[in-house]
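As structure tokens, the structure follows; a few thoughts come after it.
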Amino acid sequence: MSTEQGSNGAPAVPLPGRDSNGIKSKPPVWPLAATDGALPPPLPAKCDKHGRQDGRCCKELKDDDDRTLIDPDIVRDVVIGLSDGLTVPFALTAGLSSLGESKLVVLGGVAELIAGAISMGIGGFLASQAERDHYRFLRRHTASRVSRSCVGEMEREVHAVLGPVGVDEQTSQAVTKCLRDVEVSSGIDSGSSSASDEESVSLRWKEEVGLTPFLLKFGEGMEEVPTRRLYISAFTIGMGYLIGGIIPLIPYFFIPRAHVALLYSCLLTGLVLLVFGAVKARVTGAGQGAAGYIWGAISTLLVGGAAAAAAYGIVAALET
């Protein structure tokens, strides 16, 4: 039996995750009850696929509804931009249609559309920036509180988060110790609670692990807002407003008489609201079958139509 030799005469050993030919291979999978001597396999490498008849891992099994949903933050920004774009320019053009000429309606509508899109984009940027600044303030405040608090206080706070979901006190204490050891640079004896020991604790600068992110994420329900989120939110809301606002204006580009174009604008806006409601039910997971999509379309039409009618009624009342 021959053994491959390296340049220095030592046997050639393939790199982890690669076979003898250097081709990347899948990581090994152990049964759930498997042990490898004194060193058990890592938890992520365990799977019950060996005990299944089809030999498939449970995470590979798909549900009947296998839709890939869109990020809810992006959906929220799109809904905000489109709903405002379909409502405000429609009410404005409907009010300006009393002037009789579509050209004036188009000029006023385009001016409002551009200004509104820029304003909505800036508003989305500033809102996300304020959310990020608020999170960073709470992170500094929580990190300072973790550094000066005793172990018992941290155990109470962790159990206040885990207890309502069914975790017992002993497990909460173990979780507290694990998270505190990760975040705190010097170990703390759970049986000692002297003020001198608490004041000597210094925190490691780790933003994603430890007690501080745990209390922020699961206690306060807050997570770090990435910087790119500021620009994505501004772009999404602004473009949503621009796309939604151009729809009620389309008939005025082709029909000279504003009163006639208003009728087509109402029909087109209503149709877009129906389609938008059905698509929203799809991407958010709210729609379950045909009835769910129909209800999503009708509810969006009713809400958007009521908002547009109210805005048009106010404009008409101001003209009289």
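All of the numbers you see were taken from the coordinates with simple rules; none came from a lab. Bear in mind the structure is a predicted one, so any value in this text is a computation, not a measurement. Note that we place each Cβ from the backbone using ideal geometry, even for glycine, and neighbour counts take in every protein chain shown.
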Q.
Please give me the summed charge of the neighbours of Gly163: other residues whose Cβ is under 13 Å from its Cβ, Lys and Arg +1, Asp and Glu -1.
A. -3
Q: Could you tell me the largest-minus-smallest coordinate of the C-alpha atoms of the stretch 82-127 on each of the three principal axes, in descending order and whole angstroms?
A: 39, 16, 11
(Q) Under 5 Å between amide hydrogens, which residues at least 5 positions from Glu101 or on another chain qualify, with H placed 1.01 Å from N in the peptide plane? (A) Ala258
Q: Mind giving me the FRET efficiency for Val182 and Asp133? R0 is 30 Å, r the Cβ-Cβ distance, nearest 0.05 is fine.
A: 0.70
(Q) Output wanted: per-residue J couplings in Hz (rounded whole) for the stretch 236-253, from phi through Karplus 6.51 cos²θ - 1.76 cosθ + 1.60, θ = phi - 60°, x for Gly and Pro. (A) 5, 5, x, 5, x, 5, 5, 5, x, x, 6, 5, x, 7, 4, x, 5, 6
